[in-house]
Amino acid sequence: MTDTVSTKFEPKYYFANEEENRSRLWNNKSWCTIAEANVSFNLEAFWKVVERWTNEVHLVIPPIERVEIINDIENKTYDSTHDECLARIDPIRSINRKLIPKRKNKDDELEELVEYYIDENLNESRVVYTPILANSKELLHENIPFYYPKVTSFSYVYKECGQRTSSNDDSEIDYQSQIFIEIIPLLQSFEITDKMKYAYKQLFKKLYKWCQNTSMGYEKRIHHDLLVPKELYKNTYQRLKNKYATDLVRNWTEKTDPIKFVFEDIAIASWLISIWELERVEQKSSILQSFIDLGCGNGLLTFILSSEGYIGFGIDSRKRKIWDVFIEKGAKLIEGTIQPNLITYPSIDWIIGNHADELVPWIPIISSKSSSSTKFMVIPCCFYSLSGSKYTFPNKTITSGRYKAYQEYIEDIIKKCGFITEIDWLRIPSTKNVVLVGRKRVDNSKNILADAFEVDIDKNNSIMLLI
Ligand SMILES: C[S@@+](CC[C@H](N)C(=O)[O-])C[C@H]1O[C@@H](n2cnc3c(N)ncnc32)[C@H](O)[C@@H]1O
């Protein structure tokens, strides 16, 4: 079981649009938030519930007998990031379905578009329901069947906030996210009837309850502390938090949310320092491990590890403003673009790839080539393949399974590089919290790479993957 404490359901509703302006632009459309609540369940639970409701709509709309799926298109190469707030993003899945009512003689069928979105810039996942009226009927209040919300579009949103809520025991860590109902009203000025208010409240409560219950099922299956004992991790986390957190949050110069990055990187550093301590005990060594953080971003992880005495550096193709502060305090941060098929780090003990985008699949290969004792840890995040382009999922993988499927792709590379994959789940706000570790090898022979991939290994021991 995790330590996650379930957040009490305390929803806020915004039913009167003159009361407070709750509208915002998303994907070029103006959405009104009508319900909001803090939650502690995970994103997987949200998608699992959404998926179930897509196929079994009677669970949410009782007058519906069943759905007929007309079309189900998965966008395998979607790009969920966008530079400008107003840029359009594509759904990762579009389902065209027909709602078949129980009282066939009395109620109309309704065709509907269901779209799944992942907006990585906003840390939001969203399902959008849009009614499509047959026979060129206009989308008007009176043309929408009684069992359906009177809206242009309706959506459930899950936002990963990465906020920290204190629990009774300060050493326990609990994370908080939010869920919303957002709608595009039929008219700019809209009024929600008492009946609709009741319906929205019921739906929101149901979403919360179902996700909470699903999440409890998940949590039982997720085991933290597989590679690092809980007590060791927590003591290290507490020590690093006391030492660094306040100053870092106060003096954050980046535009990003300091709460998210500071606590997440303290957690990752705590896990690494703990596993390195155990390794030194096992090796009866007092020499601190050396490291390199590939795609180090803001350099915070490198800064914390360096400040704790570990010799190492971070590399990123883009320098961040806050680097100056960290460099002044002794961190080594280098601006440069890594060519992953050419580089090796033979004198480094551990190679780190924390959400390192297209470098992640390469890190086991770089480690394998570097030396027989080089180890690595990667936290996979965005789905990149070895070619540097977005990973194309080979089989139909539902939304909740994409992260797992990508993890398996990386595990396959790790295995092909001759490592035994070890897995742990980090106690970080991000739901992408799996860490894959390569510190044990089945065979020290470097030729394993040539056997595994179609590669050329030249005299300088640089390899070219023929992909
Ligand atoms: C998603 S960010 C993560 C940053 C950081 N590790 C973190 O977790 O906050 C990925 C980073 O990898 C860097 N990156 C990607 N490919 C790179 C390459 N070939 N050489 C250097 N940096 C690279 C990007 O510039 C970006 O800063």
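The values are calculated or read from the model by the stated rules, or taken from the named source; none is laboratory data. Model, not experiment: these values are computed from the prediction. Neighbour counts run over all protein chains shown; Cβ positions are idealised from the backbone, glycine included.
Checking each residue in the stretch 70-86 for being loosely packed, with under 15 Cβ neighbours inside 10 Å and modelled with pLDDT under 90 picks out Asn71, Asp72, Ile73, Asn75, Thr77, Asp79, Thr81, Asp83, Glu84, Cys85, Leu86. Taken over the stretch 94-111, the criterion of being closer than 15 Å to Asp72 by Cα and surrounded by fewer than 20 Cβ atoms within 10 Å (Cβ to Cβ) is satisfied by Ser94, Asn96, Lys98, Glu111. Please verify whether Ile89 is modelled with pLDDT under 90, among the aliphatic types (A, V, I, L, M) and buried (at least 19 other Cβ atoms within 10 Å of the Cβ), treating the condition exactly as stated. Judged against the criteria, Ile89 is a match.
For Trp276, the test of being in contact (Cβ under 8 Å) with a residue 24 or more places away in the chain and farther than 19 Å from Asn123 by Cβ is passed.
Only one of the listed residues (Ser306, Ser317) is in contact with a Lys or Arg (Cβ under 9 Å, 6 or more places away or on another chain), free of Cβ contacts under 8 Å to residues at least 60 places away in the same chain and within 30 Å of Val249 (Cβ to Cβ). That residue is Ser306.
Here's the yes/no breakdown for (1) of a type in the set (Ser, Thr, Tyr); (2) within 30 Å of Thr33 (Cβ to Cβ); (3) in contact with a Pro (Cβ under 7 Å, 6 or more places away or on another chain):
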site	(1), (2), (3)
Tyr233	yes, no, no
Asp247	no, no, no
Arg250	no, no, no
Glu264	no, yes, yes
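Note on the stretch 304-326: residues that are within 11 Å of the ligand (Cβ to nearest atom) and either in a strand (DSSP E or B) or under 27 Å from Glu279 (Cα atoms) (or both) total 3.
Among residues of the stretch 342-363 that are on the phi < 0 side of the Ramachandran plot, those with a beta-carbon under 6 Å from a residue that is in a loop (DSSP other than H, G, I, E, B) and among the small types (Gly, Ala, Ser) at least six positions away or on a different chain give the pairs Leu342/Ser462; Pro346/Ser371; Ala356/Gly295; Glu358/Gly388; Leu359/Gly295. Just checking, does the stretch 244-263 include any residue being within 13 Å of the ligand (Cβ to nearest atom), more than 18 Å from Ser306 (Cα to Cα) and in a helix (DSSP H, G or I)? Yes, the conditions are met somewhere in the stretch 244-263. Residue under question is Ser215, and the condition is that it be small (Gly, Ala, Ser), within 19 Å of Asn42 (Cβ to Cβ) and away from the ligand (no atom under 16 Å from the Cβ); does it hold? Here the answer is yes, as Ser215 does meet what is asked.
Find the strands (runs of 3 or more DSSP E) located wholly in the stretch 327-429 whose residues include 3 or more that are within 13 Å of the ligand (Cβ to nearest atom), and list them. Let's see the steps before the verdict.
Values: elements: 332-335, 350-354, 375-379, 419-425.
Answer list for the stretch 327-429: 332-335, 350-354, 375-379.
Working only within the stretch 281-303, note down all residues that are assigned to a strand (DSSP E or B) and among the aromatic types (Phe, Trp, Tyr). If you could, list the steps in order and put the result at the bottom.
To start, the set of residues in the stretch 281-303 that are assigned to a strand (DSSP E or B) comprises 290-294.
Correct list: Phe291 only.
Residues in the stretch 280-303 include at least one that is within 11 Å of the ligand (Cβ to nearest atom), touching a residue at least 60 places away in the same chain (Cβ under 8 Å) and either surrounded by fewer than 23 Cβ atoms within 10 Å (Cβ to Cβ) or at positive phi (or both).
Among the residues of the stretch 143-152, is any in a loop (DSSP other than H, G, I, E, B) and free of Cβ contacts under 8 Å to residues at least 24 places away in the same chain? Write out each step before concluding.
Pass one, the stretch 143-152, residues in a loop (DSSP other than H, G, I, E, B): 144-150.
Subsequent filtering for residues that are free of Cβ contacts under 8 Å to residues at least 24 places away in the same chain retains none.
So far as the stretch 143-152 goes, no, none of its residues is in a loop (DSSP other than H, G, I, E, B) and free of Cβ contacts under 8 Å to residues at least 24 places away in the same chain.
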